[in-house]
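Working notes for the structure below.
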Amino acid sequence: MAINSTSVAANPSNTTPMSEQGVLEVRLPPPMTTAKKLRHRLLEIFFPDDPLHKFKDQSPSRKFILGLQFFLPILQWAPHYTLKLLKSDVVSGLTIASLAIPQGISYAKLANLPPIIGLYSSFVPPLIYSVLGSSRHLAVGPVSIASLVMGTMLHEAASAEEQPALYLQLAFTATFFAGLFQASLGFLRLGFVIDFLSKATLVGFMAGAAVIVALQQLKGLLGISHFTSKMQMNAVLSSVFTHKDEWSWQTVVMGVCFLIVLLITRHISMRNPKLFWISAAAPLTSVILSTALVACLKSKLPDIQTIGKLPRGVNPPSANMLFFSGRYIGLAIKTGLITGILSLTEGIAVGRTFATLKNYQVDGNKEMMAIGLMNMSGSCASCYVTTGSFSRSAVNYNAGAQTVVSNIVMAATVLITLLFLMPLFRYTPNLILAAIIITAVIGLIDYKGAYELWKVDKLDFLAAMCSFVGVLFISVPLGLAIAVGISVFKILLHVTRPNTVPLGNIPGTRVYQSLNRYKEAVRIPSFFILAVEAPIYFANSTYLQERILRWIREEEEWLASHSSNNLKCVILDMTAVTGIDTSGIDLITELRRVLNQRSLKLVLVNPVGSVMEKLHLSNILDSLGLEGLYLTVGEAVADISSSWKAQP
């Protein structure tokens, strides 16, 4: 219908669905004050899940209990915990501990930290997460990518070998800032920030980082003593072949044999998930066997490097090692920010994956606060950045974990190891740690995901490849920056260059669809119908004006070449225009003026409530007239055609 905007404004609550001509009216949304609009918009931005809905219509005492449960999820499930659940959690906790202990030691070395720091980071953080976390299956501890990035970035300022005390200070301070950043995102409900790392860029980044991590392990797998600290692929390969004289055949043979065994066990567990325990137990079993072999044959295997003596005891306090000023504070903050984003992205993605499989929800913002507070506390207890590991969480899930008590069982197992078993690791060879890391990071190379990107969206595939190449040949931090940059560029591309589609009528219906997609769709004589499929803002208003005028010119040329009726009316279908600003309103005004000069009528169809309101306040509706606004394209065509026929 054609609608008089003045009458709508005067009677926005009019309940008559039809105009006098029998055409549906386009109505303004219910009136709201500016304060109410702002409140509604902020709630939609920061509280889309309405986290406080449980507090409605509750007594003060009940609200207090719900508040405690909201911030301390352990209070929600602990009162209902049973012996049956404990049995399942003990089994899964012991299973992931067998994986966490060797991986913790390995990932600490990947970050250029003492191996014992990896065990410390597998003890305190899981305990804190079990109190604050809401995921039942997330297995917390060090992860490969965050370890790699931390080791790469901190090496810019300090050498772990020459300045071990300074390096530890930087690592703990960076961990504190990572946790502070993560907790702040959750508290301020800014979780959408991590969404700038799209799936496509993460596929490329993770694959590139996995290749670099695997290549770095050639140092331990070949027995090389002098190895580059750089992370570029060409520098690593150059170092491998430059130091061929340092290769140890004993190390190579033993390392390759254990690597093959680990890869076979991983393949078996992937083919048959019920045999998950094989790949879960393989790393610790390999550590025990290789350690025993080196200890028994030490005199015959002098070239095999070991991790050496590890201190016994629980985590020493490290709050006194944190610093908040000085020349290195900028590097600590930058490292914390990047490792915080990466670990947060991985942890939340893993938690949501397994929550979906078990049909429960994980609150992303609560998880951010839990992981952030976990890292802040860990930085004061000799721990570095930790999060939920996909490999350990998958084992935890397959082992039958029911609650986060599995993390407590894992932490208790690590505690026993710290107190009583540390002397046993003295002869653990570096080669087995390298083999464990290579086996773990292979799973980060998602070639199937890359193929899906190529098949579905070539631009996403290009983004993934740029990120992959950036990590391999430039650096890990810059590769991450490239990934974020590509994600932002893709968003800007979609915003600044929105899609516009000419529509035609499907014969025998009042349905209007794309002329390109539906070959049976036909043009309506004297009408040009165009759908705009994006909000109209300052960033795209100029482009849209130029593109719409070009569409009209091309349509007129097509009509002339086919000897069809002259164009009289341009209809803009605004169903997909979810928002508009003053630049967009200026576009509509200018477009109407240009078309009027060419004796063409401009008609708008189905603007959404917020767009309709702004068009009304800007008085554009008055200038469009009675036949300038309709609810559907079909009604617009029918009503305007009837008015033309009625003219003498």
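Residue pairs, Cβ under 6 Å, 6 or more apart or interchain, first in region 426-439 and farther than 9 Å from F258 by Cα and open to solvent by 20 Å² or more (accessible area, probe 1.4 Å), second part of a loop (DSSP other than H, G, I, E, B) and of a type in the set (K, R). List them.
So the pair list comes out as R426/K309.
In region 309-341, how many are surrounded by 12 or more Cβ atoms within 10 Å (Cβ to Cβ) and of a type in the set (F, W, Y)?
2
Could you list, in sequence order, the residues of region 484-516 that are outside any loop (DSSP other than H, G, I, E, B), modelled with pLDDT of 90 or more and either open to solvent by 30 Å² or more (accessible area, probe 1.4 Å) or β-branched (V, I, T) (or both)?
T496, T500, V501, Y512, Q513
Taking Y397 as the residue in question, decide whether it is aromatic (F, W, Y), closer than 30 Å to F324 by Cα and in contact (Cβ under 8 Å) with a residue 24 or more places away in the chain.
no
Does Y384 meet the test of being touching a residue at least 60 places away in the same chain (Cβ under 8 Å) and touching a strand residue (DSSP E or B) at 6+ places or on another chain (Cβ under 6 Å)?
Spelling it out, it is not the case that Y384 is touching a residue at least 60 places away in the same chain (Cβ under 8 Å) and touching a strand residue (DSSP E or B) at 6+ places or on another chain (Cβ under 6 Å).
List the number of the failed condition for V414; all other conditions in (1) under 17 Å from P115 (Cβ atoms); (2) open to solvent by 30 Å² or more (accessible area, probe 1.4 Å) hold.
For V414, the failing item is (2).
Where the second residue is part of a loop (DSSP other than H, G, I, E, B) and open to solvent by less than 100 Å² (accessible area, probe 1.4 Å) and the first is under 17 Å from C380 (Cβ atoms) and hydrophobic (A, V, I, L, M, F, W, C) and lies in region 298-326, which pairs have Cβ atoms under 6 Å and are six or more apart or on separate chains?
A319/C380
Restricted to region 378-397, and to residues that are in contact with a Leu (Cβ under 9 Å, 6 or more places away or on another chain) and open to solvent by 10 Å² or more (accessible area, probe 1.4 Å), which residue is modelled with the highest pLDDT?
Among them, the one singled out is C380.
Just to be sure I understand the filter: pairs with C-beta atoms under 9 Å, separated by 6 or more residues or on different chains, first member in region 29-56 and acidic (D, E), second member surrounded by 12 or more Cβ atoms within 10 Å (Cβ to Cβ) and part of a loop (DSSP other than H, G, I, E, B). Which pairs pass?
D49/D363
Which pairs turn up if I take residues in region 607-634 that are over 22 Å from C569 (Cβ atoms) and look for partners that are assigned to a strand (DSSP E or B) and open to solvent by less than 30 Å² (accessible area, probe 1.4 Å) with beta carbon separation below 7 Å, at least 6 apart in sequence or on another chain?
The qualifying pairs are K614/I580.
Out of E533, E555, E546, report the one residue that is of a type in the set (D, E), at pLDDT 90 or above and open to solvent by less than 70 Å² (accessible area, probe 1.4 Å).
Going through E533, E555, E546 in turn, the sole match is E555.
Six or more apart or on different chains, Cβ atoms under 8 Å: show the pairs whose first residue is in region 208-219 and in a helix (DSSP H, G or I) and whose second is of a type in the set (S, T, Y) and crowded, with 24+ Cβ neighbours inside 10 Å.
From residues that are in a helix (DSSP H, G or I), the pairs are G208/S467; A209/S144; A210/S144; V213/S144.
So how many residues does region 571-590 have that are within 22 Å of Q513 (Cβ to Cβ), buried (at least 17 other Cβ atoms within 10 Å of the Cβ) and either in contact with a Pro (Cβ under 6 Å, 6 or more places away or on another chain) or among the aliphatic types (A, V, I, L, M) (or both)?
4
Consider only pairs whose beta carbons are under 7 Å apart and that are at least six residues apart or on different chains; among these, list those whose first residue lies in region 585-606 and is farther than 16 Å from S641 by Cα and whose second residue is open to solvent by 60 Å² or more (accessible area, probe 1.4 Å) and outside any helix (DSSP H, G or I).
The qualifying pairs are N606/T575.
Exactly one of these conditions fails for K568: (1) open to solvent by less than 60 Å² (accessible area, probe 1.4 Å); (2) in contact (Cβ under 8 Å) with a residue 60 or more places away in the chain. Give me its number.
Among (1) open to solvent by less than 60 Å² (accessible area, probe 1.4 Å); (2) in contact (Cβ under 8 Å) with a residue 60 or more places away in the chain, the lone unmet condition for K568 is (1).
Just wondering, is there one or more residues in region 571-584 that are in contact (Cβ under 8 Å) with a residue 60 or more places away in the chain, among the aliphatic types (A, V, I, L, M) and either in contact with a Leu (Cβ under 9 Å, 6 or more places away or on another chain) or at positive phi (or both)?
Among the residues of region 571-584, at least one is in contact (Cβ under 8 Å) with a residue 60 or more places away in the chain, among the aliphatic types (A, V, I, L, M) and either in contact with a Leu (Cβ under 9 Å, 6 or more places away or on another chain) or at positive phi (or both), which makes the answer yes.
Among the residues of region 43-77, which ones are within 28 Å of the chain's Cα centre (by Cα) and part of a loop (DSSP other than H, G, I, E, B)?
F47, P48, D49, D50, P51, L52, L72, P73
Do we find a residue being surrounded by fewer than 24 Cβ atoms within 10 Å (Cβ to Cβ) and touching a Gly at 6+ places or on another chain (Cβ under 6 Å) anywhere in region 209-232?
no
Got a number for residues in region 173-198 being of a type in the set (G, A, S) and either free of Cβ contacts under 8 Å to residues at least 12 places away in the same chain or open to solvent by 30 Å² or more (accessible area, probe 1.4 Å) (or both)?
2
Which one is modelled with the highest pLDDT, of the residues in region 466-483 that are surrounded by fewer than 19 Cβ atoms within 10 Å (Cβ to Cβ) and among the aliphatic types (A, V, I, L, M)?
Selected residue: V469.
Looking only at residues that are under 26 Å from L132 (Cβ atoms) and touching a Ser or Thr at 6+ places or on another chain (Cβ under 7 Å) in region 146-172, which one is surrounded by the fewest Cβ atoms within 10 Å (Cβ to Cβ)?
My answer is F172.
Go through (1) over 24 Å from I442 (Cα atoms); (2) free of Cβ contacts under 8 Å to residues at least 40 places away in the same chain; (3) of a type in the set (S, T, Y) for T228 and report which single condition fails.
The failed condition is (1).
From (1) more than 30 Å from L289 (Cα to Cα); (2) open to solvent by 20 Å² or more (accessible area, probe 1.4 Å); (3) of a type in the set (V, I, T); (4) within 32 Å of the chain's Cα centre (by Cα), pick out the condition that doesn't hold for T201.
(2)
Being open to solvent by 40 Å² or more (accessible area, probe 1.4 Å) and within 21 Å of F192 (Cβ to Cβ) is the filter here, so list the residues in region 342-368 that pass it.
A349, R352, T353, T356, Q361
Across region 33-85, what is the total count of residues that are open to solvent by less than 90 Å² (accessible area, probe 1.4 Å) and of a type in the set (D, E)?
The number of residues fulfilling the criteria is 2.
Okay, residues lined up against (1) surrounded by 13 or more Cβ atoms within 10 Å (Cβ to Cβ); (2) at pLDDT 85 or above; (3) over 31 Å from the mean Cα position of the chain (by Cα):
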residue	(1), (2), (3)
T251	yes, yes, yes
V256	yes, yes, yes
L263	yes, yes, no
P273	no, no, no
L293	yes, yes, yes
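May I ask you to verify whether M270 is in contact (Cβ under 8 Å) with a residue 40 or more places away in the chain and of a type in the set (A, V, I, L, M)?
When the stated conditions are applied, M270 does not pass them.
The values are calculated or read from the model by the stated rules, or taken from the named source; none is laboratory data. If you're wondering where the values come from, they're calculated on a predicted model, not measured in any experiment. Cβ: placed from backbone, ideal geometry, glycine included. Neighbour counts: every protein chain shown. Quick note on the areas: whole protein, heavy atoms, side chains included, nothing else; ligands and nucleic acids left out. Shrake-Rupley method; radii C 1.70, N 1.55, O 1.52, S 1.80 Å.
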